[in-house]
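Heads up: the structure comes next, in structure tokens.
All of the numbers you see were taken from the coordinates with simple rules; none came from a lab. Source: prediction; values computed, not measured. Glycine also receives a Cβ, built like all others from the backbone with ideal geometry; neighbour counts cover every protein chain displayed.
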Amino acid sequence: MRRLLPAALIFLAVGPVPGTVMRFPEADLTERAATRALIFAPATSGTMRFVRGWHLVSPHSRFGGFSALARTGPGQFQLIGDNGYWTRLTLDGDGAVAAIRIGPLPTPDGQPARKAMIDAEAMFIDPASGKSWVALEGINQIWRLDAGLAAIESRRKLPGPRWPANRGPEAMARLADGRTVVFSEDADDDPRGREALLYTGDPAAAGPAPIRFFYDSRGKGLVSDAAALPDGRILLVHRRLGFDPVFTTIVAIVDPADMAKDAVVRSLTIGRVPRPLAENYEGAAISVEQGRLYLWLVADDNFNSWQRSLLLRFELVGLPARKTPRSKKAAPE
């Protein structure tokens, strides 16, 4: 019974539902996009200071549904939607679109791109090789793609028990030491929290079994993405559903030092997206620019006319210090 209300809220929030209008009733593959600057006075929530933001629009029928984000260079972004399409976007200094490419993810052995097979929810990129790792819900797999996003180099199923098809791998981050953390959206058969996995090697290739632990979000909502911070911690984006606003986005940090077999891991809240910018944020990226730390967020519009593909930039200021071994027992919020 406790799942009925959240399930109803998710159904209404991410649609489509009767009476709503879907964008792109007819196919259009024009590779063009534009940005509309968001008019919002700079504000700070916790350690998050809003810098700039844009509404991304395009006539392309596959543009949108963004569930994963990577910043690949100054003004350069790679986005992947849960419809199985990727977008490479370049913005100039004024925030205008300078270049864009849109294409489909490859599929194993050229199989038809069914929704259940290409529901991409998380991603990270190796800056040295340009290769991408993508976590796919539904089939519960992690793929490694070549730098051109044209071929699947390797793929691996998540270990059993199988995570629910619509609540599987939702967030993923590569740590500086080469380990990879994968968080489920809502695989919570265990009362300790939602299941997560820590891989010591390439999560898309054969190797040692990952370490399974549990993440207790403590009222923050469900995890929607993750990104590695320069100090070794992981930033987590959470999506909490309600009625006014529909989406509340809460940002927290978690320390990989707490992740061990069957451990219960909690995070420390550092801020939230201001109410006027409320949307369904599912992609996150971290950048360091001229010594300053920035968080980028992108929203999944679910191809609904009442939702928006927003790209936001926050400066992270005054982050709490990482715990020392002596203070490790301090309880996160």
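See the values below:
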item	result
Amide hydrogen neighbours beyond the local backbone of Glu170, cut-off 5 Å, H modeled	Phe183, Ser184, Glu185
Two-site label geometry, Asn166 and Thr44: point separation in nm, points 7 Å out along Cα→Cβ	4.1
The range 26-327: Lys pairs at Cα distance under 25 angstrom, eight or more positions apart or on different chains	7
Top positive-direction residue, dipole computed over the range 26-327 with Cβ charges, set Leu241, Ala206, Val288	Val288
Whole-Å distance, taken between Cα centres, linking the range 171-244 and the range 262-324	15
Segments 280-293, 307-320 sorted - mean Cβ within 10 Å per residue, highest first	307-320, 280-293
Amide hydrogen neighbours beyond the local backbone of Tyr281, cut-off 5 Å, H modeled	Asp300
Full-stretch length increase - Arg292, Ser129 - with 0.36 nm per residue and alpha-carbon distance subtracted	56.2 nm
Estimated vicinal HN-Hα couplings, Hz - the range 69-77 in sequence order (Karplus 6.51, -1.76, 1.60; Gly, Pro = x)	9, 9, 9, 9, x, x, x, 10, 9
Full-stretch length increase - Ala113, Arg36 - with 0.36 nm per residue and alpha-carbon distance subtracted	24.6 nm
Of Leu29, Leu297, Leu268, the one that fluctuates the most in a GNM where the chain has Cα springs shorter than 10 Å	Leu29
Ranked packing of 89-96, 235-242, most packed first, by mean Cβ within 10 Å	235-242, 89-96
Cut-off 14 Å, label 7 Å out along Cα→Cβ of Ala205, residues of the range 147-186 by amide N	153-156, 178-180
